[in-house]
1. Since Ala346 meets every condition but one in (1) in contact with a Gly (Cβ under 9 Å, 6 or more places away or on another chain); (2) of a type in the set (Gly, Ala, Ser); (3) surrounded by 18 or more Cβ atoms within 10 Å (Cβ to Cβ); (4) free of Cβ contacts under 8 Å to residues at least 60 places away in the same chain, which condition does it not meet?
2. Consider Val251 carefully, then state whether it is assigned to a helix (DSSP H, G or I), touching a residue at least 24 places away in the same chain (Cβ under 8 Å), among the β-branched types (Val, Ile, Thr) and touching an Asp or Glu at 6+ places or on another chain (Cβ under 6 Å).
3. Please tell me if Leu319 is in contact with a helix residue (DSSP H, G or I) (Cβ under 8 Å, 6 or more places away or on another chain), surrounded by 11 or more Cβ atoms within 10 Å (Cβ to Cβ) and in the same structural domain as Val114 (by TED's automatic domain parsing).
4. Just give me the residues in the stretch 60-85 being part of a helix (DSSP H, G or I) and in contact with a Pro (Cβ under 7 Å, 6 or more places away or on another chain), in sequence order.
5. Do we find that Leu19 is within 18 Å of Gly119 (Cβ to Cβ), at pLDDT 90 or above and either of a type in the set (A, V, I, L, M) or in a loop (DSSP other than H, G, I, E, B) (or both) in this structure?
6. What about Gly289, is it within 30 Å of Val152 (Cα to Cα), modelled with pLDDT of 90 or more and either surrounded by fewer than 19 Cβ atoms within 10 Å (Cβ to Cβ) or out of contact with any helix residue (DSSP H, G or I) (no Cβ under 7 Å at 6 or more places or on another chain) (or both)?
7. If the requirement is being within 24 Å of Leu57 (Cβ to Cβ) and assigned to a strand (DSSP E or B), which of these qualifies: Gly314, Gly279?
8. Tell me which residues, restricted to the stretch 4-41, are surrounded by 10 or more Cβ atoms within 10 Å (Cβ to Cβ) and of a type in the set (Gly, Ala, Ser).
Amino acid sequence: MAINDNDHRGLLPAGLGDLLPPDAAREAAAIDAAIERFAAFGYERVKPPLVEFEESLLGGPGAALAAQTFRLMDPVSQRMMGVRPDMTVQVARIAVTRLKHEPRPLRLSYGGNVIRVRGSALKPERQFAQVGAELIGVDSASADAEALLLAVDALRATGVAALTVDLNLPTLVASVCAGLGLAADPVRRLRRALDRKDEAAVRKAAPDAAAADTFITLLRAAGEAGRGIAALRALALPATAAAEIARLGEVLDLVDRADADLPLTIDPVEYRGLEYQTGVSFSVFAVAGRQELARGGRYSAGYPEDGVSEPATGFTLYLDAVLAASTPTTPRPRLFMPVGTSWRDAADWQAKGYATVRAVEPASDPRAEARRLRCGHTLIDGNAVPL
């Protein structure tokens, strides 16, 4: 079949798409619901620009997303700029520059679209909406637990009730390896073996039997949080690694006290996708379908390479996954209002829960016109008559 010019104009680059009714309205409502929950806990909204200079966008934790960033030349300043691939690094920049004199801890929230150079096999979209919150200026288990619990609270507010949380320590393996004095090559082999969950390969890559047993215990600790943290606490580990496990245990206790019915798991060797996290991190999933709805954790906000950074923790909700996992709300019934009805009439019916669709031209058959405009009711003699 031939494709005309108008058909070609509807084509979009791979990974980009139009969000149509009713999905666009659902996404906006989900963002509003999440931002409202953040505000209820004292998180104030900020709005960073879509594009900024690349040295600020790709500094600090932003360096992990350099390969995913679209770049362009600013015709005004003649400096290179980047289109944001993530909003967390922008909020961190705001915190350590524009808001550096505000009292800590600083609680900020955000919502907007990001774009990346390429998608992944599991997430082919290159543009998507993010909404999230950051808790900046404090390094404590209480702050870690607050971020996790707030993410769960916001997801429930968007309509996803059945959730489970997986907690990670993305720097734990590196801490253990450093404590054991391992060189770079054995560390790389161990990391590959741990990523594959391959115990035989772990034993082969470890420098000795004792080290192999330690890493295999880390591997086997994955699963239900209570059992896993008990296994981790029983290990004799270097001081830095032991402190990480103690922090994880503290966070688990705080979360359990706040929400005893929330299912918690841990995976202490997972770090993929958590490259800039520096401590306790987490992913939130829908129980049905096991979709990742949110990801967050501890990181350094700002620019450590310049000596300007603060401890921080936060999270991002993935709106496309949230909408897929949530139950769609029933839209307002549409009421067709013939020519001659006033704006005041429309307001009265809107107050009753209708979306009013006013005719702009006379219709010979109001019922047929209402159906054509996807209305379930039409106004006849002052009554909303179902079709």
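1. The one condition Ala346 does not meet is (1).
2. On the way: assigned to a helix (DSSP H, G or I): yes; touching a residue at least 24 places away in the same chain (Cβ under 8 Å): yes; among the β-branched types (Val, Ile, Thr): yes; touching an Asp or Glu at 6+ places or on another chain (Cβ under 6 Å): yes.
Here the answer is yes, as Val251 does meet what is asked.
3. Values: in contact with a helix residue (DSSP H, G or I) (Cβ under 8 Å, 6 or more places away or on another chain): yes; surrounded by 11 or more Cβ atoms within 10 Å (Cβ to Cβ): yes; in the same structural domain as Val114 (by TED's automatic domain parsing): yes.
The answer is yes for Leu319.
4. Let us first name the residues in the stretch 60-85 that are part of a helix (DSSP H, G or I), namely 60-68.
Gly60, Leu65, Gln68, listed by residue number.
5. yes
6. Values: within 30 Å of Val152 (Cα to Cα): yes; modelled with pLDDT of 90 or more: no; either surrounded by fewer than 19 Cβ atoms within 10 Å (Cβ to Cβ) or out of contact with any helix residue (DSSP H, G or I) (no Cβ under 7 Å at 6 or more places or on another chain) (or both): yes.
For Gly289, the condition - within 30 Å of Val152 (Cα to Cα), modelled with pLDDT of 90 or more and either surrounded by fewer than 19 Cβ atoms within 10 Å (Cβ to Cβ) or out of contact with any helix residue (DSSP H, G or I) (no Cβ under 7 Å at 6 or more places or on another chain) (or both) - is not met.
7. Working: Gly279 fails: assigned to a strand (DSSP E or B).
One residue alone meets the criteria, Gly314.
8. Taking the stretch 4-41 and keeping what is surrounded by 10 or more Cβ atoms within 10 Å (Cβ to Cβ), we get 7, 12, 14-17, 19, 22-41.
Correct list: Ala14, Gly15, Gly17, Ala24, Ala25, Ala28, Ala29, Ala30, Ala33, Ala34, Ala39, Ala40.
The values are calculated or read from the model by the stated rules, or taken from the named source; none is laboratory data. As the structure is a prediction and not an experimental result, all values here were calculated from the model. Don't worry about glycine lacking a Cβ; one is built from the backbone with ideal geometry, like all the others, and counts go over all protein chains shown.
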